[in-house]
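Student: One structure, as structure tokens, below. Some questions next.
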Amino acid sequence: MNELNNIMSIIGKETVRAIIGLIGVLVLVVINALILTWAERKVAGHMQRRIAAKEVGPFGLIQPIADSLKLLGKELITPANVERSLFYLAPTLIFIPVLVSFVVIPFDSYLQVKDMNVGILVILAFSSLSVLSILIAGWGSNNKYSLIGAIRSVAQNIAYEIPLLLSLLPVIIIAHSLSLKDIVEAQNGLWFVVYQPFAFLIFFIASVAETNRTPFDLPEAESELVAGFHTEYTGMRFALFFLAEYTNIFIVSAIAATFFLGGYQGPILPGIVWFFIKTYFLVFVILWMRWTFPRVRFDQLLNFSWKVLIPTSLVNLIITAGILKL
Amino acid sequence: MTSVMDIINGAASLIVGMGVTIKAFFSPVVTVQYPRQTINITPRFRGHTKLVADDEKPERTKCIVCGMCERNCPSKSIKRVSGEKMEGEKKKTATEYILNFTTCSQCGICVETCPVDALAFSADYNLAGFKREDFYFDLVKEFEKRKTNR
Amino acid sequence: MVKKTLEDIKNTLQDVDASEISYAERGYHLAIEAQKGSLVSVVEFFADKGFYLADLCCVDYVEYLELVYLFNNFKELCRAKVTLKVEPDKPVAPTISHIYTMAHWYEREIHEFFGVYFEGHQKLTYLFLHNGIDCYPLRKNRVPVTDDDKKLLDSFKPEEEEDAFFINLGPQHPSTHGVLRVVLKMDGEYILSAEPVLGYLHRMHEKMAENRSYQQFLPNPARMDYPGALLFNLAHVAAVEKLCGIEVPERAQYIRTITCELNRISSHLLWIGAFLGDLGGLTPFLYAFDDRENILDILESATGSRLTYCYFRFGGLYNDIDDNFIDMTKKFIKRMHERLGMYEKLITKNVIFINRVRGIGILEQSEVPKYGCSGPIIRSTGMPFDIRKVEPYAAYDKIDFEIPTGKTGDNMDRYMVRMKEMEISLNIVEKAIEKLPSGPFNAEKVPKKLKPPKGDVYHAVESTRGETGVYIVSDESDKPYRMRWRVPSFSNLMTFPALAQRTLLADAIATMGSFDLVIPEIDR
């Protein structure tokens, strides 16, 4: 015990905390991806009135592990004419912003890797980075479908980043803080979704678009672009894109839960349970939407953002600010 | 202001659509879990053809080895029909009837053209094999097997 | 209409030999023999009168090759056959592709299969046989392809251009439903030009027909159009019956109507699923398959197979239907009416869907005769043309039904027309079951070996995608001398390059999905 304290004092408490946090985040990412692959299959299956995975393990629960083992065992094909360095870089790069975002999310009043006073800025800044790796993947693949998918992705992300930010600002104004923990604490009584229903809706729509999910899955629209930006990727590299997508879904749901649904606040049950209930409920809604709607067209997608979401969120912001000033 | 109404109506239509899928989500599944569950085969199901037992002498087939089916098959799936005249029989008895099931399309022309109605469709549907030759059926042998099983 | 057209022809074109033909026997009203000099003026005459080119084919009579142009009118039934004889050694004919756009492909096809050179055709290249050919496949004698022709055939090269790039949509692309390849010239996401490349599923059913008896060809039509197999079978069976003059008993006619309409619904259901899949919604696909499975169960109980049926026989059916079939059908009709309401909630009213299809891929009504397209595609432009109505076969003349039409001819109209058609098909089935007479289901005295009298016959049915016609030339043997299939998707697809021009890639895919293309049918 003494030795441990010695080591702690040498490398510093913060570092230990960071390492434990990182391990925790990695575990969470993997477990979340496993749960979401399973959940997506099950939700899709039952919405289409079939059973989906059921053979491996009870209710097919082991299926995601079998899937990931399969993907690990697959050959990593590098097509002949790709930009090798970019092609290899993209799947790794897509993962960094995803991991960073976890750092500031408060899972419970005591469970947070680091409470920063600019928490939401960190998430927004890093989530914009994921589009860079999609662009790199599309460009590096040297495939026309990939390139179109990547370009679509850039336009889409730029268009939807703005309403995303604008819909979070009213909450920040009400809570007087950029720290996610403070925002959750501010929702001790009423959740912000009651004050800000429009902001919540706008945030939710924009975040679905940010995560490239149906009905906004244009970068990987399979009926138009085969598989979009990851057409040329195989095996574990492809799996990393998938992992990032599922983790992104979790993060946007977690942010929405934190900002609008009171985060870990809730009666009886411990905070962390409430947090996961709220987050996975939103995840379920995203899956539900995917298995109900067709895809929107590209120009409609941009029009919707620039002509509907941004003006609405701006008006909402001004009204909120005005009311608070009064 | 029409656009505001459009957006509200559009959102309503989306919610109605989500209602349809969530209803399906909680409805029972419609699929059949095949190897564990099976469904009944309709009596008219067209599997591969089989030889029919003679009404008077159930130990032999009705086939008289005329070769009509062989000539009329559109895909030349009936490879060989041969037989010999047994003692005490007026007509030939089939000893070999090779059907290449890989090219058969179950059109029923052989069943129709048979002058003595010696052919019928079987109800075998879950056939699997590792090579093409697994599906070169000898219908006479298959008939014998069915006879002993009965 | 027929008399008037005949008079007009005689007045305007003095040197053509035109005569009226017994429609009941031949399936067309007018036979016109054109000469090389007069062909273009004859075709122009028909184009002026608003006729569409139903089919263009060639028959090799050894001493001469005969080009057969089949015309028909959308407004009133008037089928006209224009023939042109060309010498077999170096066959040359004037092109009509500048009058009828669709003739571009028909002429390429004939050039490839018979070696007929069309003077003035823009691009006589391969249509189906991309691997190259040594001799013309549909000629009766072996005629080798000359080196000049080989060069001519093998010239499919997309032209490179500044600021544009090419995308190969297919042959293995999720939304081409099979192995169609479309070469798209793109400017960003906009399509500058689209050119379909056919032939990946070409099996030459027309040649197969020449090598087997009429009866042995029975399983083949189902392989051309697999989602609507019964309707193609009916086209073949009915054409042969017309040629031989076989009377089909009443009960068989009704059962044919019932099974065909059920098949039409199942084909449309398959289309809904695939169409929504093209638009990115995958769940309706499974719902449609759930319903379709019910139809397959019903049809299986009658025909014994689930997809590629071989049920109709010359003069009747393979077997009769039973009470179980009727019970299942009645139950299905009830269920399907409810399900159509569900589809309306899930798809038709969905704002995303509406925005994706409304006003996209508009086909003008005036353009239709140029392409000779048919089926729901032309009904969506507001033309109530349905072979079941204008040229009734089976028991359609005894059942009252309406023809749904659209207004603008966009994707939404095509969708609505097909949805409405399913409802109407349900009504037809319901009425046909009510009226179903008892009696024999097979004509008596149909010889086992059919040897039809000499002559030709054209018979068309309304398949799920449009006018499916069979043109048979008989030489009194038990095998057809020539069997020509006029397939609807072939002419429907021809409109795609025009509709896809200057649209977004996503819209072009929606348009292609709304056509309900079946590639094996196009390639035959």
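The values are calculated or read from the model by the stated rules, or taken from the named source; none is laboratory data. The shown structure was predicted, so the numbers you read here are calculated from the model rather than taken from an experiment. Note: ideal-geometry Cβ built from the backbone for every residue, glycine included; neighbour counts use all protein chains shown.
Student: Scanning for something more than 22 Å from the chain's Cα centre (by Cα) and not assigned by TED's automatic domain parsing to the domain that holds C:Glu462, does segment C:70-83 turn up at least one residue?
Tutor: Within segment C:70-83, not a single residue is more than 22 Å from the chain's Cα centre (by Cα) and not assigned by TED's automatic domain parsing to the domain that holds C:Glu462.
Student: Out of B:Ile41, B:Ile22, B:Ile98, I need the residue that is of a type outside the set (Asp, Glu), outside the structural domain of B:Leu139 (by TED's automatic domain parsing) and either without any contact (Cβ under 8 Å) to a residue 40 or more places away in the chain or in a strand (DSSP E or B) (or both). Which one?
Tutor: On the way: B:Ile41 fails: either without any contact (Cβ under 8 Å) to a residue 40 or more places away in the chain or in a strand (DSSP E or B) (or both); B:Ile98 fails: outside the structural domain of B:Leu139 (by TED's automatic domain parsing).
Just a single option satisfies the conditions, and that option is B:Ile22.
Student: Of C:Val59, C:Val68, C:Val43, C:Val82, which residue is touching a residue at least 40 places away in the same chain (Cβ under 8 Å) and not in a strand (DSSP E or B)?
Tutor: Answer to the selection: C:Val43.
Student: Here's a follow-up. What are the residues in segment C:339-353 that are within 12 Å of another protein chain (Cβ to nearest Cβ) and out of contact with any Ser or Thr (no Cβ under 8 Å at 6 or more places or on another chain), if any?
Tutor: C:Arg339, C:Gly341, C:Met342, C:Tyr343, C:Glu344, C:Lys345, C:Ile347, C:Thr348, C:Ile352, C:Phe353
Student: Oh, and also: What about C:Leu192, is it buried (at least 18 other Cβ atoms within 10 Å of the Cβ) and either assigned to a helix (DSSP H, G or I) or not basic (Lys, Arg) (or both)?
Tutor: no
Student: Output the number of residues of segment C:211-227 satisfying the condition of being of a type in the set (Phe, Trp, Tyr) and under 20 Å from the mean Cα position of the chain (by Cα). Steps first, answer last, please.
Tutor: Filtering segment C:211-227 for residues of a type in the set (Phe, Trp, Tyr) gives C:214, C:217, C:226.
From what's left, under 20 Å from the mean Cα position of the chain (by Cα): C:217, C:226.
Residues meeting the conditions: 2.
Student: What is the one condition in (1) modelled with pLDDT of 85 or more; (2) closer than 22 Å to C:Ala302 by Cβ; (3) assigned to a loop (DSSP other than H, G, I, E, B) that B:Tyr125 does not satisfy?
Tutor: Unmet condition: (1).
Student: Within segment C:299-316, take every residue that is among the hydrophobic types (A, V, I, L, M, F, W, C) and over 12 Å from B:Arg44 (Cβ atoms) and give me the one that is nearest to the other protein chains (Cβ to nearest Cβ). Step through it out loud before you land on a result.
Tutor: Residues of segment C:299-316 that are among the hydrophobic types (A, V, I, L, M, F, W, C), as a first pass: C:299, C:302, C:307, C:310, C:312, C:314.
From what's left, over 12 Å from B:Arg44 (Cβ atoms): C:307, C:310, C:312, C:314.
Details: C:Leu307: 11, C:Cys310: 4, C:Phe312: 11, C:Phe314: 11 Å.
The selected residue is C:Cys310.
Student: Let me ask something additional. Only one residue in A:Gln48, A:Gln63 is free of Cβ contacts under 8 Å to residues at least 60 places away in the same chain and over 22 Å from A:Lys114 (Cβ atoms), so which one is that?
Tutor: A:Gln63
Residues are listed down the side, and each one gets a yes or a no for (1) more than 14 Å from chain C (Cβ to nearest Cβ); (2) at pLDDT 85 or above:
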{"residue": "B:Ile15", "(1), (2)": "no, yes"}
{"residue": "B:Asn40", "(1), (2)": "no, no"}
{"residue": "B:Lys57", "(1), (2)": "yes, no"}
{"residue": "B:Met68", "(1), (2)": "no, no"}
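Student: Follow-up question, since we're still on this one. Of these, A:Glu232, A:Glu224, A:Glu245, which one is assigned to a helix (DSSP H, G or I), more than 19 Å from the chain's Cα centre (by Cα) and either of a type in the set (Ser, Thr, Tyr) or within 28 Å of C:Leu276 (Cα to Cα) (or both)?
Tutor: A:Glu224
Student: A further question follows. Confirm whether B:Val52 is away from chain C (no Cβ under 12 Å) and closer than 30 Å to A:Ile202 by Cα.
Tutor: No.
Student: Another question, if that's okay. Among the candidates B:Thr113, B:Thr102, single out the residue that is more than 14 Å from chain C (Cβ to nearest Cβ), of a type in the set (S, T, N, Q) and closer than 22 Å to C:Met208 by Cα.
Tutor: B:Thr102
Student: Name the residues in segment C:213-229 that are closer than 18 Å to C:Ile472 by Cα and among the aliphatic types (A, V, I, L, M), would you?
Tutor: Taking segment C:213-229 first, the residues closer than 18 Å to C:Ile472 by Cα are C:213-222, C:224.
Passing the criteria: C:Leu218, C:Ala222, C:Met224.
Student: Considering segment C:16-39 alone, what residues qualify as being buried (at least 18 other Cβ atoms within 10 Å of the Cβ), part of a helix (DSSP H, G or I) and not basic (Lys, Arg)?
Tutor: Residue satisfying the conditions is C:Leu39 alone.
Student: List, please: which pairs have Cβ atoms under 6 Å, are six or more places apart or on different chains, and start with a residue in segment C:202-231 that is of a type in the set (Phe, Trp, Tyr) and end with one that is modelled with pLDDT under 85?
Tutor: C:Tyr214/C:Leu450
Student: Related question: Scan (1) out of contact with any strand residue (DSSP E or B) (no Cβ under 7 Å at 6 or more places or on another chain); (2) surrounded by fewer than 19 Cβ atoms within 10 Å (Cβ to Cβ); (3) not small (Gly, Ala, Ser) for the single condition A:Phe250 breaks and write down its number.
Tutor: The one condition A:Phe250 does not meet is (2).
Student: Among the listed residues A:Glu40, A:Glu3, A:Glu14, identify the single one that is in a helix (DSSP H, G or I) and at pLDDT 85 or above.
Tutor: Only one candidate passes the filter, namely A:Glu40.
Student: In addition: Are any of the residues in segment C:452-470 over 16 Å from C:Arg26 (Cα atoms), in a loop (DSSP other than H, G, I, E, B), under 27 Å from the mean Cα position of the chain (by Cα) and more than 14 Å from chain B (Cβ to nearest Cβ)?
Tutor: Yes, segment C:452-470 contains a residue that is over 16 Å from C:Arg26 (Cα atoms), in a loop (DSSP other than H, G, I, E, B), under 27 Å from the mean Cα position of the chain (by Cα) and more than 14 Å from chain B (Cβ to nearest Cβ).
Student: Quick check on segment A:43-62: of everything there that is away from chain C (no Cβ under 14 Å) and part of a helix (DSSP H, G or I), which residue is farthest from the chain's Cα centre (by Cα)? So that I can check it myself, show each step before the final result.
Tutor: Start the filter on segment A:43-62 by keeping residues that are away from chain C (no Cβ under 14 Å), which leaves A:53-62.
When the remaining residues are screened for being part of a helix (DSSP H, G or I), the result is A:58-60.
Values: A:Pro58: 28, A:Phe59: 26, A:Gly60: 25 Å.
Residue satisfying both the conditions and the ranking: A:Pro58.
One line per residue, one yes/no per condition, for (1) away from chain B (no Cβ under 14 Å); (2) touching a strand residue (DSSP E or B) at 6+ places or on another chain (Cβ under 9 Å); (3) modelled with pLDDT of 85 or more:
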| residue | (1), (2), (3) |
| --- | --- |
| C:Ser155 | yes, no, no |
| C:Glu161 | yes, yes, no |
| C:Phe165 | yes, yes, no |
| C:Pro171 | yes, yes, no |
| C:Pro174 | yes, no, no |
| C:Val179 | yes, no, no |
| C:Ala229 | no, no, yes |
| C:His236 | no, yes, yes |
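Student: C:Glu430: modelled with pLDDT of 85 or more and either within 14 Å of another protein chain (Cβ to nearest Cβ) or more than 28 Å from C:Gly50 (Cβ to Cβ) (or both), yes or no?
Tutor: yes
Student: Still on this structure: Take the residues in segment A:276-303 that are in a helix (DSSP H, G or I) and at the interface with another protein chain (Cβ under 9 Å from one of its Cβ atoms), then tell me which one is surrounded by the fewest Cβ atoms within 10 Å (Cβ to Cβ).
Tutor: By that ranking, first place goes to A:Asp299.
Student: Separate question: Can you tell which of B:Val20, B:Val65, B:Val81, B:Val52 is buried (at least 16 other Cβ atoms within 10 Å of the Cβ) and on the phi > 0 side of the Ramachandran plot? Before you say what the answer is, go through the steps one by one.
Tutor: Working: B:Val20 fails: on the phi > 0 side of the Ramachandran plot; B:Val81 fails: on the phi > 0 side of the Ramachandran plot; B:Val52 fails: on the phi > 0 side of the Ramachandran plot.
Answer to the selection: B:Val65.
Student: Starting from residues that are among the aliphatic types (A, V, I, L, M) and in contact with a strand residue (DSSP E or B) (Cβ under 7 Å, 6 or more places away or on another chain), keep the ones in segment C:190-223 and report whichever is nearest to C:Val461 (Cα to Cα).
Tutor: The extreme case among them is C:Ala209.
Student: Output the residues belonging to segment B:70-99 that are over 17 Å from B:Phe137 (Cβ atoms) and within 14 Å of chain C (Cβ to nearest Cβ). It would help to see each step written out before you state the result.
Tutor: First, pick out the residues of segment B:70-99 that are over 17 Å from B:Phe137 (Cβ atoms): B:71-72, B:74, B:84-93.
The answer is B:Arg71, B:Asn72, B:Pro74.
Student: If you don't mind, another one. Specify the residue that is farthest from the other protein chains (Cβ to nearest Cβ); the eligible residues are those in segment A:311-326 that are over 21 Å from B:Leu14 (Cα atoms) and of a type in the set (Val, Ile, Thr).
Tutor: A:Ile323
Student: Let me ask another. Going by what's in this entry, would A:Ile123 be described as touching a helix residue (DSSP H, G or I) at 6+ places or on another chain (Cβ under 8 Å) and either within 29 Å of A:Ile310 (Cα to Cα) or in a helix (DSSP H, G or I) (or both)?
Tutor: In short, yes.
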